[in-house]
1. Please give the number of the condition residue 266 fails out of (1) within 14 Å of the ligand (Cβ to nearest atom); (2) among the basic types (Lys, Arg); (3) assigned to a helix (DSSP H, G or I).
2. Could you please tell me which pairs satisfy a Cβ distance under 8 Å, a separation of 6+ or placement on different chains, a first residue in region 42-67 that is modelled with pLDDT under 95, and a second residue that is among the aromatic types (Phe, Trp, Tyr) and open to solvent by 10 Å² or more (accessible area, probe 1.4 Å)?
3. Which condition from (1) in a helix (DSSP H, G or I); (2) buried (at least 16 other Cβ atoms within 10 Å of the Cβ); (3) of a type in the set (Asp, Glu) is the one that residue 261 breaks?
4. Here are some conditions: (1) surrounded by 22 or more Cβ atoms within 10 Å (Cβ to Cβ); (2) outside the structural domain of residue 155 (by TED's automatic domain parsing). Residue 216 meets all but one. Which one does it not meet?
5. Please count how many residues of region 154-184 are within 11 Å of the ligand (Cβ to nearest atom) and surrounded by 19 or more Cβ atoms within 10 Å (Cβ to Cβ).
6. Pairs please, first residue from region 303-318 and within 16 Å of residue 356 (Cα to Cα), second anywhere and within 14 Å of the ligand (Cβ to nearest atom) and of a type in the set (Lys, Arg), Cβ atoms under 6 Å, 6+ apart in sequence or on different chains.
7. Could you please let me know if residue 147 is at pLDDT 95 or above, assigned to a strand (DSSP E or B) and assigned by TED's automatic domain parsing to the domain that holds residue 222?
8. Of 129, 151, which residue is within 14 Å of the ligand (Cβ to nearest atom), basic (Lys, Arg) and over 24 Å from residue 302 (Cα atoms)?
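The values are calculated or read from the model by the stated rules, or taken from the named source; none is laboratory data. These figures come from a predicted structure and were not determined experimentally. Please note: Cβ atoms are built from the backbone with ideal geometry, for glycine as well, and neighbour counts cover all protein chains shown. Quick note on the areas: whole protein, heavy atoms, side chains included, nothing else; ligands and nucleic acids left out. Shrake-Rupley method; radii C 1.70, N 1.55, O 1.52, S 1.80 Å.
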Amino acid sequence: MDKIIVEGGIPLKGTVTISGSKNAVLPILAATILTSGKNELENVPRVRDVTTMIELLQDLGAELDFFEKDKVVLDSSSIYKTEAPYDLVSTMRASCLVLGPLLARFGKARVSLPGGCAIGARPINLHLKGFRDLGAEIDLNNGYIEGTVKKLKGARVFFDTVTVTGTANLMMAASLAEGETILENSAKEPEIVFLAEILNRAGAKIEGAGSDTIIIQGVSSLKPISCRILPDRIETGTYMIAAAVTEGEVEVVNCVPEHVESLIQKMREAGVEIVCGASSIKTKHANPLLSVDIKTHPYPGFPTDFQAQFMTMMTLASGQSAIMETVFENRFMHAAELGRMGANIIIEGHTAIVKGTPNLCGAPVMATDLRASASLILAGLAAKGETVISRVYHIDRGYEEMEKKLSKLGANIRRSK
Ligand code: UD1
């Protein structure tokens, strides 16, 4: 299994270009099921979750014409299967995004139920409740969700908890349903706004994306999708924090500063200097780095997907910070690994109390999930000595060419096969 080896202590300097957003492209790929003809996507990140989603679509019968550099051309009109098998869904939970589009186009879907995952139970009960509200019959048989419906019918759907993929799944399904659907307590993430915009360009009628209430008038068909995927906000913030923890100065380009506003605010509170351009952010380390508290929330709150990386930064700050995780129930597994590098972190329920220390030291550590892997790489970049991070397949799921991008900024980082 691959390992990443980092020799820390080098201040990162230079410019890094942000790739397309993983969390934006996955629902867009699933949405191609709703269309007939050639869909053309640009700025697609070459990460494993994207190849898994494309494999899943091919397994359903879609034809991949082209995947070169960052461009994908995919024809979903040839899809004939409606089953997403266990081996594909078990490697990527977002595979459940095909459920809504399959139900809308074929009136049936059989999708393996995703199991729990390292960061929490992550049920999809709210997706299923939404499909039932739209008239589908949903059963669970032999570990598979089986959905059938003659024709989805518009309805009022209320999400008990804000769910990102749940909102995307229902928005896609309702686009081809009969009549009006109202989604209440919807997710407001930029990836949801983007999905609505792209579906509308393909002929859907969606209003209110970015607010709590999304209203969808069903249409009978959608044209093929043609779009450029928006920049990855989580990758953006990860490189901003990389600059701060290595006492460096990094300019992140091809990003959307508004999408990382909550992080910018918190980093400024910690003393980090941040200057935003129209599509770039310059980050210069703080002197001294101050401790600040954070609490994760759905967008526009502080994203749970930055919690681990921010915790790494706080291990090096000058005081004590409280990091509260409210989105996932078990998202502190990186804390014990950071502890192996000299960090002082105590977990009390949903809160991590981090006492800053002047230095971290290199150590062998293990990645447990995607963003935890990023936090350990950041810690390795900041630490004295060598850090060996194992189970790095997590990082390959969502960060494009991370070692290459960090090396370009001056980091001493390599992969051992
Ligand atoms: C998405 C993101 C992920 C991010 C997360 C929260 C993608 C592909 N992934 O994941 O990177 O960390 O949003 O911002 O976009 N829940 C239920 N029932 C459901 C659905 C969700 O109880 O049916 C709960 C979850 O267990 C969790 C919370 O709602 O506690 C939020 O989860 P959700 O927004 O659905 O996360 P994902 O869409 O899976």
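1. It is condition (1) that residue 266 fails.
2. Cβ pairs passing all conditions: 48/393.
3. If we test residue 261 against (1) in a helix (DSSP H, G or I); (2) buried (at least 16 other Cβ atoms within 10 Å of the Cβ); (3) of a type in the set (Asp, Glu), just (2) comes out false.
4. (2)
5. Number of matching residues: 10.
6. Within 6 Å, the pairs are 308/371.
7. When the stated conditions are applied, residue 147 passes them.
8. 129
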